[in-house]
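The values are calculated or read from the model by the stated rules, or taken from the named source; none is laboratory data. Just so you know, these numbers come straight off a predicted model, no measurement behind them. All Cβ positions, glycine included, derive from the backbone under ideal geometry; neighbour counts span all protein chains shown.
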Amino acid sequence: MLIHSATQLLTLAGGPQRGRDLGRLGIIEDGAVLIRDEKIAAVGTSAELRAAYPHEPRLDADGCVVMPGFVDPHTHLIWAGDRAAEFEMKMAGAHYLDILASGGGILSTVRATRTASIETLIAQARSRLFRMFSHGTTTVEAKTGYGLQTATELRLLKALLLLEEESRLDIAITFLGAHAIAPEYKDNPQGYTDLVCETMLPILRQWWETHAPERRLPFVDVFCENKAFTLPQSRQILQTAQQLGFPLKIHADEFDNLGGASLAVELGAASADHLVKTSDADIAALGASDTVAVSLPCTPFGLAECHYTPAQKLLDANALFALATDCNPGTAWNESMQFVIALACRSMKLTPAQAIAAATINSAHAIRMADKVGSLEPGKQADILLLSVPDYRHLGYRFGTNLVKQVIKKGRVYSVDVGYYRTA
Ligand code: NIG
Ligand code: FE
């Protein structure tokens with residue numbers, strides 16, 4: 001199939017974009033892209049590709065912007081219940097970490113998740129995936145972390161594997177057994193840390209070999225934060241995971257600077273995420289590394305806080321910078337990378353071009369999938385968006401409505417916005 005007449009085709013070609021290089025969209029005016037099977041076969045101007053492939057079935061992009069599908073590299077996709085009541089408490093003045101310390105927050109979602117059946121968990125995550133897809137996300141990372149006990153964490157992993165089988169999206173899976181101290185270990189955080197290292201991670205390794213032998217090992221992540229896991233505990237968990245062969249991620253500096261980002265760099269983690277209270281030393285370490293700095297602006301926005309990732313400092317330090325939703329029931333229940341882009345532009349003074357690169361090729365690198373997705377280049381998966389806008393800068397400029405007209409996933413076309421009212 002030949003997609004032609006894109007007012008702008010954003011290729012994002014040339015690999016992940018470091019530091020001030022961020023924002024190279026690789027724009028082809030009046031662009032076209034040829035899809036063969038599930039992959040991109042050629043990219044060029046409409047005139048070039050029409051002449052070279054005259055007999056190919058055609059899809060007229062009709063003045064749309066055409067770009068790679070969004071890659072959302074940090075979500076807590078799978079949970080049961082909601083925290084609307086806590087949102088109300090927070091708006092009335094309560095603090096997120098104090099709610100967690102008093103047994104609510106993540107722990108209230110843990111209670112709901114532990115008692116939910118796998119069918120319920122799958123049904124609720126399915127509708128989130130559907131909303132993500134219709135807002136243009138074609139690849140998503142998804143974490144466990146609302147079980148905090150071996151059996152439930154494995155049930156969440158099983159649910160994620162089943163969701164990927166049935167859904168249109170690619171799902172990169174992350175084990176976040178170290179999301180909070182399990183309630184049973186409330187007064188013994190080191191005991192829970194040891195349980196993660198000595199029991200959960202070895203069981204996970206074996207479980208994965210039986211249940212998903214053909215897949216890459218999942219990432220292992222840890223919430224390095226006051227009232228969650230200390231820096232030494234985070235190191236213990238990540239080093240144990242690394243010895244077992246798992247690739248790594250970390251939640252660092254969401255509320256306090258404990259040094260998690262430098263730990264991620266030292267251990268060669270794929271990404272360090274949140275990075276709000278990050279120190280200059282940690283920023284310099286990230287800038288000299290291949291660990292992607294993943295910013296989650298929906299989280300401070302969701303908590304009504306005014307501090308965001310120091311994105312400009314990270315870019316000056318030459319870091320790899322990416323964006324994600326952090327979709328979760330506590331701080332940021334948002335499924336739209338379009339909204340993340342709009343918020344990133346305003347809160348961190350990114351240009352639309354920088355935010356788009358951070359939400360495609362760089363976010364693909366944050367889950368180590370940039371060889372497959374995140375740009376429109378021959379050989380890559382045909383994951384493509386048609387946006388009903390005349391210029392890419394409408395991403396960022398506009399917010400709160402869905403600009404996606406069609407989503408193409410592995411070469412198959414799905415219509416999102418039919419552009420007119422349909423009567424029943
Ligand atoms: O990334 N910080 C830890 N995890 C989530 C919040 C999870 C929750 O509150 O349920 C986050 O913000
Ligand atoms: Fe998170």
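General observations
- Of Leu22, Leu59, Leu12, all but one fail to be within 23 Å of the chain's Cα centre (by Cα) and within 18 Å of Val389 (Cβ to Cβ); the exception is Leu12.
- Filtering region 15-58 to residues that are within 20 Å of Ala359 (Cα to Cα) and either without any contact (Cβ under 8 Å) to a residue 60 or more places away in the chain or in contact with a Cys (Cβ under 9 Å, 6 or more places away or on another chain) (or both) leaves Asp21, Ile28.
- Residue check for Phe301: surrounded by fewer than 24 Cβ atoms within 10 Å (Cβ to Cβ), closer than 23 Å to Arg168 by Cα and assigned by TED's automatic domain parsing to the domain that holds His274: no
- With a requirement of 2 or more residues that are among the acidic types (Asp, Glu), the strands (runs of 3 or more DSSP E) lying completely within region 1-54 that satisfy it span 27-36.
- Test for Gly103: is it within 16 Å of ligand 2 (Cβ to nearest atom) and either surrounded by fewer than 19 Cβ atoms within 10 Å (Cβ to Cβ) or closer than 19 Å to Ile78 by Cβ (or both): no
- Members of region 289-308 that are β-branched (Val, Ile, Thr) and within 12 Å of ligand 2 (Cβ to nearest atom): Val294, Thr299
Residues are listed down the side, and each one gets a yes or a no for (1) over 23 Å from the mean Cα position of the chain (by Cα); (2) hydroxyl-bearing (Ser, Thr, Tyr):
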{"residue": "His55", "(1), (2)": "yes, no"}
{"residue": "Gly63", "(1), (2)": "yes, no"}
{"residue": "Gly69", "(1), (2)": "no, no"}
{"residue": "Pro73", "(1), (2)": "no, no"}
{"residue": "Leu77", "(1), (2)": "no, no"}
{"residue": "Met89", "(1), (2)": "yes, no"}
{"residue": "Ser102", "(1), (2)": "yes, yes"}
{"residue": "Ile106", "(1), (2)": "no, no"}
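- Ala285 being buried (at least 21 other Cβ atoms within 10 Å of the Cβ) and either outside any helix (DSSP H, G or I) or more than 10 Å from ligand 1 (Cβ to nearest atom) (or both): yes
- Of all residues in region 241-262, those satisfying the criterion of being out of contact with any strand residue (DSSP E or B) (no Cβ under 7 Å at 6 or more places or on another chain) and more than 16 Å from ligand 1 (Cβ to nearest atom) are Gln243, Leu244, Gly245, Gly259, Ser262.
- Counted as qualifying within region 318-424 are the helices (runs of 4 or more DSSP H) with 2 or more residues that are among the polar types (S, T, N, Q), namely 337-348, 361-366.
- Candidate set from region 186-213 (those that are surrounded by fewer than 18 Cβ atoms within 10 Å (Cβ to Cβ), over 30 Å from Lys372 (Cβ atoms) and of a type outside the set (Gly, Ala, Ser)); member that is modelled with the lowest pLDDT: Lys186
- Condition met for Lys186 (assigned by TED's automatic domain parsing to the domain that holds Pro247, basic (Lys, Arg) and under 21 Å from Ala80 (Cβ atoms)): no
- The residues listed here are Ala80, Ala85, Ala125; of these, the one that is assigned to a helix (DSSP H, G or I) and either within 16 Å of ligand 2 (Cβ to nearest atom) or surrounded by 15 or more Cβ atoms within 10 Å (Cβ to Cβ) (or both) is Ala125.
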